[in-house]
Amino acid sequence: MKLLLVGGFAESLLNFRGALIDDLLRAGVEVHVAAPGLADEALSQALRGRGAIPHDIPLRRTGMNPVADLGAVIGLWRLMLHLRPDVFLGYTIKPVIYGVLAAWLAGVKRRYALITGLGYAFQDQPVGVKARLVSGLARGLYRVALRVAHRVFFQNPDDQALFRTLGLLRGRAESVVVNGSGVDVRHFAQTQVPEGRVVFLMIARLLGAKGVREYALASSRLQREFPSAVFRLAGWVDGGPDSIRADELAVWVEQGHIDYLGKLADVRPALQQCSVYVLPSYREGTPRTVLEAMAAGRAVVTTDAPGCRETVVDGVNGYLVSVRSIDELAGAMRRFLVEPSLALEMGERSRRMAEDRYDVQRVNAEMLRGMEIMA
């Protein structure tokens, strides 16, 4: 059996889909992977070393350029005609939409989509003509593409329900919810919460919808009351329409509200050095960084939003706060500053939840069954 896995970002094939690739290979599948950026020799070599066969594709991860996107569909179609895969799996918006359509045109027998999050195009109230246009176009393209998908995997029930409400799931496509991308609970081993000062950590692409601004503002409030507390932020400026500006980030760092770590090749040392993990995102599939923090044995503060709310039992392994509420976010973080022992107790419960619900081997087994690769 031959499978083509297509993503929108080359590094994500290793960071987010590496364990899935391993399990597919162990099941005897010939795995081909495609993404923009795989001309990078180091990434290609890492994937080959894993046993996958990489292909660079001309797909722009952000923006809606009809000519460029048509070229991406044609490029994927040609690749599939050359490879003749039995199974196609795409994740993130463009690989799902254009990949499923190209797979249908190329006659790929089994076509699957993995919805890992909805992002900018599915904001509750898009602001401005361009945002409304992008939102409407994305929804329309999803509606067309998913009509020719055989099964759609969602990472939380809210996204599945929204797609049904909007009429994006029609025709022959079945759908199933899996527990995110899972987390390797052996790779992200539990470590002791550091003693002494309380250290908060957020890891994300620097986008408004990730709640980065809310985190920075809550941190600035708390720092005045608790000057010994540390508020760390890791990630990179995304470059999309919702991206945090470089000058905004510079002000936060200069004023001492944020300890900026930049983009991390390995997040485990940062997790080991933090007390509490924070992600005030507006919406997620299932946030991978939260699962990694839970596996490391860290309490979590996140939003009562699709994808995020599934990871936290409020008051048990962390706290849920309202989306965009700086007051609630600062209040939840403040509890750990007033009572630092909460981080230890809740962190233990996070680890148990990661083992019981989010172990990547269990999640991947469900994916393989859903793609009819294993019984």
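Table for the structure above
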{"quantity": "Mean ellipticity per residue at 222 nm, deg cm²/dmol - from DSSP H runs of n ≥ 4 across the chain, formula -39500 (n - 2.57)", "calculated": "-13000 deg cm²/dmol"}
{"quantity": "Shape call, the chain: gyration tensor on alpha carbons, a/c limit 1.5", "calculated": "prolate"}
{"quantity": "Alpha-carbon centroid distance for the pair the range 273-333 / the range 134-161, whole angstrom", "calculated": "26"}
{"quantity": "Kyte-Doolittle mean at least -0.5, axial Cα span of 24 Å or more - DSSP H helices of the chain", "calculated": "66-83, 129-146"}
{"quantity": "For the range 42-121: rounded, prolate or oblate by the Cα gyration tensor [a/c cutoff 1.5]", "calculated": "rounded"}
{"quantity": "For the range 76-97 and the range 198-260, distance of Cα centres in Å", "calculated": "37"}
{"quantity": "Total lysine pairs whose alpha carbons fall under 22 Å of each other in the chain (8 or more apart, or interchain)", "calculated": "7"}
{"quantity": "Radius 12 Å from Cβ of T302, net charge of other residues (Lys, Arg +1; Asp, Glu -1)", "calculated": "-2"}
{"quantity": "Cα convex hull of the range 149-299 - mean projected area over all directions, nm²", "calculated": "10.8"}
{"quantity": "Gained length - T165 relative to F226, 0.36 nm times residue gap less alpha-carbon distance", "calculated": "17.4 nm"}
{"quantity": "Taking the convex hull of Cα positions in the range 272-326, its mean projected area over all directions (nm²)", "calculated": "3.5"}
{"quantity": "For the range 310-375: rounded, prolate or oblate by the Cα gyration tensor [a/c cutoff 1.5]", "calculated": "oblate"}
{"quantity": "Radius 9 Å from Cβ of V183, net charge of other residues (Lys, Arg +1; Asp, Glu -1)", "calculated": "-2"}
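Readers should treat all values here as calculations from the given coordinates under stated rules, not as data from a laboratory. Model, not experiment: these values are computed from the prediction. Every residue, glycine among them, receives a Cβ derived from its backbone with ideal geometry; neighbour counts consider all protein chains shown.
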